């Protein structure tokens, strides 16, 4: 059994590879602001997208995307606000979740505009 950190890193790598194949550009990985972290910041056209990656080795306790709670959402918004301000971004923004189910054949799903 892999530890949570290894599962998270593997999930983020699979999510990044998936998003690149979908035509997104990875702008920043693991952006930190104070006690908040955004797993991936990606871009396509005039959209800047903040992505929370949730990876699980099994879904015995629920689907990965179900584990983004209100506290995490607030932290993501706080960090995103700082990133938008510090980069002087004036395009569209969106908050997505990428769910990664690890296994023999990993399953990666993108949930657009999942955090609001």
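The values are calculated or read from the model by the stated rules, or taken from the named source; none is laboratory data. Small disclaimer: the values here were computed from a predicted structure and weren't measured. A quick note on method: Cβ atoms are made from the backbone with ideal geometry, for glycine too, and the neighbour counts reach across all protein chains shown.
Overview of results
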{"quantity": "Residue match in segment 84-96 (condition: assigned to a loop (DSSP other than H, G, I, E, B) and within 19 Å of residue 23 (Cβ to Cβ))", "calculated": "yes"}
{"quantity": "Single residue of segment 1-16 satisfying the filter (free of Cβ contacts under 8 Å to residues at least 40 places away in the same chain and surrounded by fewer than 16 Cβ atoms within 10 Å (Cβ to Cβ)) that is nearest to residue 49 (Cα to Cα)", "calculated": "13"}
{"quantity": "Tally, over segment 27-37, of residues that are more than 13 Å from residue 86 (Cβ to Cβ) and part of a strand (DSSP E or B)", "calculated": "4"}
{"quantity": "Failed condition for residue 41, given (1) assigned to a strand (DSSP E or B); (2) closer than 14 Å to residue 114 by Cβ", "calculated": "(2)"}
{"quantity": "Top-ranked residue in segment 97-116 [being touching a residue at least 12 places away in the same chain (Cβ under 8 Å) and assigned to a loop (DSSP other than H, G, I, E, B); ranked as surrounded by the most Cβ atoms within 10 Å (Cβ to Cβ)]", "calculated": "102"}
{"quantity": "Residue list for segment 17-26, restricted to those being outside any strand (DSSP E or B), touching a strand residue (DSSP E or B) at 6+ places or on another chain (Cβ under 7 Å), under 13 Å from residue 98 (Cβ atoms) and free of Cβ contacts under 8 Å to residues at least 60 places away in the same chain", "calculated": "20, 24"}
{"quantity": "Residue match in segment 49-71 (condition: over 19 Å from residue 106 (Cβ atoms) and assigned to a helix (DSSP H, G or I))", "calculated": "yes"}
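Results for (1) surrounded by 18 or more Cβ atoms within 10 Å (Cβ to Cβ); (2) modelled with pLDDT of 95 or more, shown as yes or no for each residue.
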residue	(1), (2)
21	no, yes
28	no, yes
34	no, no
42	yes, yes
46	no, no
55	yes, no
63	no, no
84	no, yes
